[in-house]
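Worksheet: the structure to be examined is printed underneath.
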Amino acid sequence: MWIFTRYGFFSIACASTPEGGIDPDTAMVRARLREHLLSLKERFRETELGKAEIQSSDQTDYKYRILVSKLAWVAALVELATEQTWANFKNEASKFSRVKKTAHAYVDALHSIWDVMHRLQVRETTEATGAKH
């Protein structure tokens with residue numbers, strides 16, 4: 001699962017077992033930027049998620065990750081959904097980055113992702129109507 005929040009971008013998967021299998025009870029919350037995990041940990045500082053250690057590796061696709069119980073991750077998702085009080089996500093992320101004085105590159109990336117997904121929508125609409133693009 002990918003999730004874009006005002007705190008950053010995260011890719012969530014099940015953690016691996018020592019034997020190389022899947023641990024369905026442990027969430028691996030991965031990030032491209034350490035800053036994103038730090039913001040998420042700060043938001044949930046009193047919880048298991050907030051207390052999780054950030055691991056890093058140059059040998060993995062996502063350099064930074066934390067491991068938490070799936071129950072802790074689900075509780076965080078509920079809180080993230082509950083705190084949503086804005087009408088425009090990109091504007092909220094921009095506002096958050098100004099308040100926290102974080103890199104504006106994330107907001108720029110959000111605009112690029114919005115554009116890619118918009119083009120996908122246009123393509124589907126064009127194909128559905130038989131119009132040429």
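Only the coordinates and a few stated rules stand behind these numbers; no lab work does. None of these values were measured; they are calculated from a predicted model. A quick note on method: Cβ atoms are made from the backbone with ideal geometry, for glycine too, and the neighbour counts reach across all protein chains shown.
The residues Ile113, Ile22, when put in order of fewest to most other Cβ atoms within 10 Å, stand as Ile22, Ile113. Computed from Cα positions, the angle between helix 70-82 and the longest principal axis of the chain comes to roughly 50 degrees.
How much FRET efficiency would the formula 1/(1 + (r/R0)^6) give for Leu38 and Val122, where r is the Cβ-Cβ distance and R0 is 35 Å, rounded to 0.05? If you can, show how the numbers build up before the last one.
Numbers: r = 36 Å, r/R0 = 1.04.
Using R0 = 35 Å, I get an efficiency of 0.45.
Only Lys, Arg, Asp and Glu carry charge here, each on its Cβ (+1 for the first two, -1 for the last two); on that basis the chain has a dipole of about 560 debye about its Cα centre. For the chain, what is the relative contact order in percent, using Cα pairs closer than 8 Å and at least 6 residues apart in sequence? Averaging sequence separation for qualifying contacts and normalising by length gives 19 percent for the chain. Farthest towards the positive end of the charge dipole of the chain, among the residues Gln121, Ala31, Ala105, is the Cα of Ala105, using unit charges on the Cβ of Lys, Arg, Asp and Glu.
Within segment 1-110, which chymotrypsin sites (Phe, Trp or Tyr not before Pro) sit in a loop by DSSP and count at most 14 neighbouring Cβ atoms inside 10 Å? Provide the component values of the computation, followed by the final result.
Values: sites: Trp2, Phe4, Tyr7, Phe9, Phe10, Phe44, Tyr62, Tyr64, Trp73, Trp86, Phe89, Phe96, Tyr106; in loops: Tyr7, Phe44, Tyr62, Trp86.
Filter output for segment 1-110: Trp86.
Distance between the 7 Å Cα→Cβ label points at Asp25 and Val78: 1.9 nm. The Kirkwood radius of segment 55-133, taken over pairs of alpha-carbon atoms, gives through the Stokes-Einstein law at 20 °C and 1.002 mPa s a diffusion coefficient of 132 µm² s⁻¹. Note on Asp61 and Val99: the model spin-label points, each 7 Å out from Cα along the C-beta direction, lie 3.2 nm apart.
The length gained by stretching the chain between Asp115 and Thr85 to full extension, at 0.36 nm per residue less their Cα-Cα distance, is 8.5 nm. Could you count how many Lys pairs in the chain have their Cα atoms under 17 Å apart, skipping same-chain pairs fewer than 8 positions apart? Lysine pairs meeting both conditions in the chain amount to 8. Rounded to the nearest 10 degrees, the angle from helix 34-43 to the longest Cα principal axis of the chain is 70 degrees.
For segment 38-133, which GluC sites (Glu not before Pro) pass both filters: DSSP loop (anything but H, G, I, E, B) and at most 14 other C-beta atoms within 10 Å?
Numbers: sites: Glu42, Glu46, Glu48, Glu53, Glu79, Glu83, Glu92, Glu124, Glu127; in loops: Glu46, Glu53, Glu83.
Passing sites in segment 38-133 are Glu46, Glu53, Glu83.
The C-alpha atoms of the chain define a longest principal axis, and helix 89-100 lies at about 50 degrees to it.
If exposed means no more than 13 neighbouring beta carbons inside 10 Å and the site is in a DSSP loop, what's the longest run of the chain without any exposed trypsin sites (Lys or Arg not before Pro)?
On the way: sites that count: Arg45, Lys101, Lys132.
In short, 46-100.
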